[in-house]
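Asks: Please see the structure below; I have some questions.
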Amino acid sequence: MNQLTASRRIESVDILRGIVMIIMALDHVRDFLHADAFQHDPLNPDTTTPILFFTRFITHYCAPVFVFLSGTSAYLSGLKKTTRQQSRFLLTRGLWLIFSEIAIITLAFSLNPFYNFLFLQVIWAIGISMVILSAMIWLPYEVVLITGLCIVFGHNLLDYPEALRGNKVNIIWDFAHNAQFSVYPLGNKHFIGVIYAFLPWTGIMLTGYGAGKLFEQGFDANRRRKILSLTGIGLIALFVLLRYINVYGDRVPWTKHATGLQTFLAFMNVNKYPPSLTYICITLGPAFLLLSYLERIGNAFTRFVSIYGRVPFFYYVLHFYLIRVISVIAFFASGYGVKDIITPDFPFLFRPLQFGFSLWVVYLVWIAVVLLLYPLCKRYDNYKRTHKKWWLSYL
């Protein structure tokens with residue numbers, strides 16, 4: 001394989017990761033600046049609009065693609081290390097990500113310096129999945145891949161015993177699989193919210209680790225693209241089949257509605273918390289097709305988005321803080337005062353339930369956030385390329 005082909009092979013991962021990082025910011029801007037964000041579910045066919053549904057649905061692709069590619073990157077980085085070195089790195093980076101979720105991301109999300117409410121979201125899920133992967137890489141490669149596939153395709157079997165218990169399960173099971181924005185008290189005035197149950201996400205990461213072999217130097221490029229394309233088409237077909245039969249693959253079955261459009265939206269409204277098999281199929285399926293295509297192109301757009309894909313954690317942290325700074329400015333500009341900073345029984349400061357703007361404003365702010373962060377991301381990427389400091393692997 002020539003050097004150009006090898007470079008394009010790796011760059012396609014950064015491009016796809018950059019695309020989903022950019023799209024991800026749209027959902028977070030919507031959370032804090034859209035007037036309807038906490039009034040109605042944007043995916044509810046009875047209350048949403050097509051553009052609002054699309055705005056939320058397109059961001060479904062972010063977490064599974066990012067987690068999957070985290071596993072792929074772990075495999076590729078491990079080719080340059082001993083198993084012991086890679087295991088230690090995955091363990092320490094996983095623990096660092098869990099700490100970051102609690103200490104850094106929670107503060108950006110809530111703007112509450114007293115940490116009355118802790119959020120366990122995608123960074124926590126990636127962190128604990130890395131801790132698990134740090135132990136599993138000592139096993140044969142095939143065991144890691146098969147374990148990931150078994151979790152991805154079989155975890156919805158747990159929906160049935162959970163339903164029999166009315167979703168009232170113990171805290172360990174809740175953290176692992178059942179969590180649907182579960183809240184647990186940590187004393188009288190502090191709480192922890194489990195948004196991302198980790199087990200299905202661990203399955204996605206382990207599967208991504210297994211897919212890393214496709215991106216090794218020496219692997220035939222045509223064969224890799226064919227495998228990615230066929231897998232993508234197969235996952236999309238499986239999504240259609242599972243949603244049509246409506247008996248397995250998602251804990252919330254779809255139903256017919258008053259109009260054909262509403263029925264279609266209900267069909268597409270798959271469960272993310274925790275990520276169902278149908279959710280994984282309809283997100284990773286198109287992602288595999290895109291990953292196959294991206295390997296063959298290189299232009300100004302791919303060079304632009306790949307910057308975000310090469311510094312994902314740096315961008316992730318900065319984009320949250322920038323969005324919240326903008327939301328605070330908008331909060332005061334909208335006429336709210338100090339007395340409105342705290343909303344009773346609501347974890348976000350400077351975010352009244354009735355506060356916000358039209359969806360077109362959300363899109364404008366989203367574009368501004370992405371563009372404002374580009375120079376910082378590019379500068380940091382250049383720094384990472386020219387410096388070999390150990391801590392850069394954690395940021």
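The values are calculated or read from the model by the stated rules, or taken from the named source; none is laboratory data. Remember, predicted model here, so these are calculated numbers, not experimental data. Reconstructed Cβ throughout: ideal geometry from the backbone, glycine too, with neighbour counts over all protein chains shown.
Asks: Please verify whether Tyr321 is under 26 Å from the mean Cα position of the chain (by Cα), modelled with pLDDT of 95 or more, hydroxyl-bearing (Ser, Thr, Tyr) and more than 27 Å from Thr48 (Cα to Cα), treating the condition exactly as stated.
Replies: Yes.
Asks: Listed residues Ser110, Ser87, Ser77; which is over 17 Å from Trp390 (Cβ atoms) and of a type in the set (S, T, N, Q)?
Replies: Ser110
Asks: Please work out which one of (1) surrounded by 16 or more Cβ atoms within 10 Å (Cβ to Cβ); (2) farther than 30 Å from Leu289 by Cβ; (3) of a type outside the set (Gly, Ala, Ser) is the condition Gln180 fails and give its number.
Replies: (1)
Asks: Oh, and also: Which pairs turn up if I take residues in the stretch 137-155 that are among the charged types (D, E, K, R) and surrounded by fewer than 19 Cβ atoms within 10 Å (Cβ to Cβ) and look for partners that are in a helix (DSSP H, G or I) and at pLDDT 95 or above with beta carbon separation below 9 Å, at least 6 apart in sequence or on another chain?
Replies: Going by the 9 Å Cβ cut-off, the qualifying pairs are Glu142/Gly210.
Asks: Let me ask something else. Here are some residues: Leu199, Leu186. Which one is within 30 Å of Phe320 (Cα to Cα), surrounded by fewer than 18 Cβ atoms within 10 Å (Cβ to Cβ), among the hydrophobic types (A, V, I, L, M, F, W, C) and touching a residue at least 40 places away in the same chain (Cβ under 8 Å)?
Replies: Leu186
Asks: For the stretch 272-308, which positions are at pLDDT 95 or above and in contact with a Lys or Arg (Cβ under 7 Å, 6 or more places away or on another chain)?
Replies: Of everything in the stretch 272-308, those that are at pLDDT 95 or above and in contact with a Lys or Arg (Cβ under 7 Å, 6 or more places away or on another chain) turn out to be Ser276, Thr278, Tyr279, Ile307.
Asks: Criterion first (surrounded by fewer than 20 Cβ atoms within 10 Å (Cβ to Cβ) and at pLDDT below 95) does Leu107 satisfy it?
Replies: Spelling it out, it is not the case that Leu107 is surrounded by fewer than 20 Cβ atoms within 10 Å (Cβ to Cβ) and at pLDDT below 95.
Asks: While we're here: Name the single residue, out of those in the stretch 4-47 being of a type in the set (S, T, N, Q) and closer than 22 Å to Leu290 by Cα, that is modelled with the highest pLDDT.
Replies: Ser12
Asks: Can you report the number of residues in the stretch 116-159 which are under 25 Å from Tyr279 (Cβ atoms) and of a type in the set (Phe, Trp, Tyr)?
Replies: Selection size over the stretch 116-159: 3.
Asks: Now for a separate question. Under 7 Å between Cβ atoms, which residue pairs at least 6 apart in sequence (or on different chains) link something in the stretch 368-394 that is surrounded by 10 or more Cβ atoms within 10 Å (Cβ to Cβ) with a partner that is part of a helix (DSSP H, G or I) and β-branched (Val, Ile, Thr)?
Replies: Going by the 7 Å Cβ cut-off, the qualifying pairs are Val369/Val29; Val369/Ile323; Val370/Ile22; Tyr374/Ile307; Cys377/Ile307; Lys378/Ile307; Asp381/Ile307.
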